[in-house]
1. For segment 238-279, which residues satisfy the criterion of being touching a helix residue (DSSP H, G or I) at 6+ places or on another chain (Cβ under 8 Å) and among the hydrophobic types (A, V, I, L, M, F, W, C)?
2. When the residues of segment 208-260 are narrowed to those that are in contact with a Lys or Arg (Cβ under 8 Å, 6 or more places away or on another chain) and in a loop (DSSP other than H, G, I, E, B), which ends up farthest from PHE276 (Cα to Cα)?
3. Sort out which residues of segment 387-412 are within 16 Å of GLN361 (Cβ to Cβ) and either of a type in the set (Phe, Trp, Tyr) or under 32 Å from the mean Cα position of the chain (by Cα) (or both), and write them in order of number.
4. Hey, among the residues in segment 37-83 that are in a helix (DSSP H, G or I) and not aliphatic (A, V, I, L, M), which one's nearest to GLU250 (Cα to Cα)?
5. Please find, within segment 168-199, the residue that is surrounded by the fewest Cβ atoms within 10 Å (Cβ to Cβ) out of those that are polar (S, T, N, Q), within 20 Å of the chain's Cα centre (by Cα) and modelled with pLDDT of 95 or more.
6. If I filter segment 155-167 for residues that are surrounded by fewer than 17 Cβ atoms within 10 Å (Cβ to Cβ) and modelled with pLDDT under 95, do I get at least one hit?
7. Is one or more of the residues making up segment 340-361 part of a helix (DSSP H, G or I), touching a Leu at 6+ places or on another chain (Cβ under 6 Å) and surrounded by 15 or more Cβ atoms within 10 Å (Cβ to Cβ)?
Amino acid sequence: MHQSAHLRCRVFPALLALLAAFAVLANRPAQAAAAAPIELGAYVPNAPEDAAALDGYAAMVGRKPDIVMNYSNVTDPLLTSTDISNLEARDQTPMVTWQLYKSGWSGPTISLSDIAAGTYDRYLRRAADLARGLPFEVMIRFGHEMNGDWYPWSGHPAAYRDAWRHIVTVFRQEDANNVKWVWSPNVDQGSYPFGRYFPGDSWVDYVALDGYNWGTAGVGIDQWQTLSQVFSSSYRTITQMSSKPVIITETSSSEVGGNKAAWIRDGFLRTIPQQFPRVRAVVWFDRVMEQDWRVDSSRASLEAYRDVVSSSLYGGVDPAPSTAARKNATVRALRVTPSRAIQTTGRAKVVYRLSRRARVQVALRDRRGDPVKRGATLTIGHPKRSGRIRLSTLIRGRRMHRGSYRVVARAIDGSGARSKRRQVRFRVV
């Protein structure tokens, strides 16, 4: 046998095997690609103009933000030369929130009808020309939170839609194809529906939501809400309305009324990836305004956000938390001792046991279930699985009249979620 024939005898079967392997692979269903990390953005006062502000925030949280948001007006330069050089040097994407003030953050505003009529086209074309020549993508968020009642450009859905479409048309005429349009209402807390303001999928690249946990500091809705409670209803509405990817364009949490660190961890590491799968980016509002929205309002909240930054969900190296459903803490057992009729409240105790470590709220009520006027609702703020409270602590040491009473308790997770109430009855004789 010639050497060439011998080589054919060895190579041909190997080639057949290789072709067979390719055929098998070709017939296998393609595996889904790993989901891209969710981008993290930030609004930091004076950025991107101030390089020190950009770098200081990055050093604080452990990574530079992917998106840098700022606020300006239609008549302002889209980006300054300093903005551009700082962003390019750090490979960051700007999100320009375009307001309609004639200058600054307040005062007289440009009308939506004038925008739609072309009165300000010279400013739009100037911005489009600048954007077209940039070496990176620019996001523009025009007329944000238009569904609220706190900005002058709200309350006019048809005029808003016309202005939006006119702006986008001008940029398209100028071939500013690196501009991405972000439509950004405020979450609908029951009073601010946003559907009438939507210009349509063909006019936007992203749909977005602004929403905050206002806590119980006496501002905003004055209620502690989990991130899920802030965004869930509006997320359902906006994803039914549009097929575009979603951005959370402003969010933060109060420190008052709950655990901000737990709010960050639970919201970013569980709620967003598990409940809001179309979210592609989240922008943190890092400023003191109505209250302290900064990520470092406490050491604990900063450490929580650093955990988010390091998670693989957001491009970090730490593994993502388990997707197994996490059950809220519950009150497993509740009793008053002694269990028989109580003759003296001084020695009586309320004993509780929880399903896992959490705060617990305990209240004293009369036989009808109404709060005892001279009683108190007590929240045990140090998370434990079990504990006891003197009954005299609930009534502030005062004397209880004869009759039937009940103790009501519920667990409170770090995210603010409250369990169903558990109660136990007792009598004072």
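1. MET241, VAL246, ILE248, ALA261, ALA262, TRP263, ILE264, PHE268, LEU269, ILE272, PHE276, VAL279
2. Looking at the filtered set, the residue picked out is SER254.
3. Once the filter is applied, which keeps residues that are within 16 Å of GLN361 (Cβ to Cβ) and either of a type in the set (Phe, Trp, Tyr) or under 32 Å from the mean Cα position of the chain (by Cα) (or both), segment 387-412 yields ALA409, ARG410, ALA411, ILE412.
4. Applying the filter and picking the extreme gives TYR57.
5. Step by step, filter segment 168-199, then rank; the result is ASN186.
6. yes
7. Scanning segment 340-361, I find no residue that is part of a helix (DSSP H, G or I), touching a Leu at 6+ places or on another chain (Cβ under 6 Å) and surrounded by 15 or more Cβ atoms within 10 Å (Cβ to Cβ), so the answer is no.
Conditions tested, residue by residue: (1) over 30 Å from TYR352 (Cβ atoms); (2) touching a residue at least 12 places away in the same chain (Cβ under 8 Å); (3) in a helix (DSSP H, G or I).
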| position | (1), (2), (3) |
| --- | --- |
| PHE268 | yes, yes, yes |
| ILE272 | yes, yes, yes |
| VAL295 | yes, yes, no |
| ALA300 | no, yes, yes |
| GLU303 | no, yes, yes |
| GLY316 | yes, yes, no |
| ALA320 | yes, yes, no |
| LYS327 | no, yes, no |
| ALA333 | no, yes, no |
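The values are calculated or read from the model by the stated rules, or taken from the named source; none is laboratory data. The structure presented is a predicted model; accordingly, all values stated were derived computationally and were not measured. Please note: Cβ atoms are built from the backbone with ideal geometry, for glycine as well, and neighbour counts cover all protein chains shown.
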